[in-house]
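What follows is a set of notes on a single structure, which appears directly below.
The values are calculated or read from the model by the stated rules, or taken from the named source; none is laboratory data. Note that the coordinates shown come from a computational prediction; the quantities given were computed from them, not determined experimentally. All Cβ positions, glycine included, derive from the backbone under ideal geometry; neighbour counts span all protein chains shown. Surface accessibility is based on the protein's heavy atoms, side chains included, excluding ligands, DNA and RNA. Shrake-Rupley method; radii C 1.70, N 1.55, O 1.52, S 1.80 Å.
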Amino acid sequence: MRPTTTAQRPRRRVLFTALLGAAIAMLLSLLALPSPALAAEDDPYRISGNVQLDGQPLEGVELVVDGPGGEQTVTTDEKGQWRVGVPERDTYTVTLDEDTLPEGIAVVDEASDTPNEKEVDVGAGGRVTVNFFIGEGERNVTGFADQLVQRVVQGLSFGLMLALAAVGLTLVYGTTGISNFAHGEMVSFGAIVALLLVGPASFALPWWLGYPLAVILSAGFGFVLDALLWRPLRRRRVGVVQLMIVSIGLSLALRYVYQFFIGGGTIQLPYASAPKFNLFGSVQMGIIDMISIGISIVVIVAFALWLTRSRLGKATRAISDNSSLAAASGIDVDHVVRVVWIVAGGLAGLAGILYAYYRPGIKWDMGAQLLLLMFAAVILGGLGTAYGALIGAIIVGLLVEVSSLWIPSDLKYASALFVLIVILLFRPQGILGRRERIG
């Protein structure tokens, strides 16, 4: 086995610190999550209701409230009552799980095609009540196979969107050795700029002009960060641990700058509430979901061709493999790194726009919500490998969505991180990473 060189040690330290940082961030995020039992008391607004049959309360009926802040599952008490706290005044979808109703009982509402699902608006009063009509009837039961196909399609859509952000993150690490914890804020930047360009209270540009311009400005944001911050630090030969700490500070600073300008609420992009339709069988998708998948595939294929066919792409791969040898071969490392930051910024901006439709909505800390999943995808696929990040992101996306068939939706992100830990125990270098000697 070959001895460890001095040039390899910083990269291994970055691997250790990246894993340690991701683990600490995951622990802090889990500790910061309010439990469902306390949510109704801590959040300023509330959605509540009763579930009864012929005046008798139904206990143990599950309802899912989806909207800003993510999905929350609540169960009726012995009085048939339920309530859940929500973080802001907005539109929420309340779905009653008919499988938890007694046998032969269903939600009855002839005026609606989906009687067990209602949309409610939390207004100025901050309180809203949702009641369902329960009676004898036939349930619209969706089979497990249909639910699985629906989740796989949604997971593929989420995974492809996540891959756009994760590829940029792993490119930066491969060429510079930086574990960029501010990459989530680069994702947020794209969505916020898109809102400023296309939103009703802004320049009100058409979407076909505003969204490409937002991606271009995101790429420029990556260039500015490199020119003003990362390049001067590289020239001073600042260590990778210090660079990682700088990225954490940059992440916090950008996050609260976003909050200062757009506030703490959730803002929707145009056409975010477009209706869904049956794609095949019982699989439902909206036109925006289909466009998101198509754009992601086209961009990923174009990026793969650029990485394998162009001179800059080959130089990027050479620097990721061995930057010292690449510099000795005549490659302008600074120029390639600058291009990598531009590409990473553009991909992150595009991912931010697509994620704003997936959530749906734009929030000041939306990038931080994706950060752990991006690191999970990068480490799962193999640090510094673009194709590994792509494979890891698709796996993470599928796990996140499919796992909600068995576990509460509040814990679906934790399932991907759990699988990441298991895989690292057996293959620490990731799926496409190279095995290296340590010590």
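Quick check for you: with a 1.4 Å probe and neighbouring chains kept, what is the accessible area per residue of region 177-264, in Å²?
In whole numbers, region 177-264 has 49 Å² accessible per residue.
Taking 0.36 nm per residue of sequence separation and subtracting the Cα-Cα distance, how much length would be gained by fully extending the chain between Glu119 and Phe203, in nm to one decimal?
Roughly 27.2 nm would be gained on extension.
How much FRET efficiency would the formula 1/(1 + (r/R0)^6) give for Asp334 and Lys314, where r is the Cβ-Cβ distance and R0 is 22 Å, rounded to 0.05?
0.85
For region 287-430, report the % of Cα-Cα distances exceeding 28 Å.
Summing the P(r) of region 287-430 above 28 Å gives 28 percent of all pairs.
Tally Lys and Arg at +1 and Asp and Glu at -1 over the other residues with C-beta under 9 Å from the C-beta of Ser157: what net charge comes out?
Result for the neighbourhood of Ser157: -2.
Beta carbons within 10 angstrom, averaged per residue: use that to sort the peptides 213-222, 48-57, highest first.
In decreasing order of mean packing, 213-222, 48-57 become 213-222, 48-57.
Taking 56 Å as R0, compute the FRET efficiency from the Cβ-Cβ separation of Thr100 and Ile245 and round it to 0.05.
It comes to 0.70.
In vacuo Debye scattering of region 228-332, one point per C-alpha: log10 I(q)/I(0) at q = 0.14, 0.20 Å⁻¹?
-0.98, -1.07
First select every other residue whose beta carbon is under 15 angstrom from the beta carbon of Pro360; then total the charges, Lys and Arg +1, Asp and Glu -1.
With Lys, Arg at +1 and Asp, Glu at -1, the net is -3.
Please compute the net charge surrounding Gly67, taking Lys and Arg as +1 and Asp and Glu as -1 over other residues with Cβ under 11 Å from its Cβ.
Residues close to Gly67 contribute a combined charge of -4.
What order, most packed first, do the peptides 256-263, 371-378, 150-157, 340-347 have when packing is the mean number of other Cβ atoms within 10 Å of each residue?
Per-residue mean Cβ counts within 10 Å order the peptides as 371-378, 340-347, 150-157, 256-263.
Cut-off 13 Å, label point 7 angstrom out along Cα-to-Cβ of Val298: give me the residues of region 188-232 whose amide nitrogen falls inside.
Answer for this model: 208-209, 212.
Could you tell me which GluC sites (Glu not before Pro) in region 42-111 are loop residues by DSSP with no more than 16 other beta carbons within 10 angstrom of their beta carbon?
Here the GluC sites (Glu not before Pro) that fit, given the DSSP loop and packing criteria, are Glu59, Glu71, Glu78, Glu103, Glu110.
Which value in nm describes the separation of the simple spin-label points at Asn131 and Asp146, placed 7 Å from the Cα toward the beta carbon?
3.0
Describe numerically, in nm with one decimal, the distance between label points set 7 Å from Cα along Cα→Cβ at Arg235 and at Val283.
5.2
May I ask you to compute the full-extension gain from Glu78 to Gln56, defined as 0.36 nm times their residue separation minus their alpha-carbon distance, rounded to one decimal in nm?
6.9 nm
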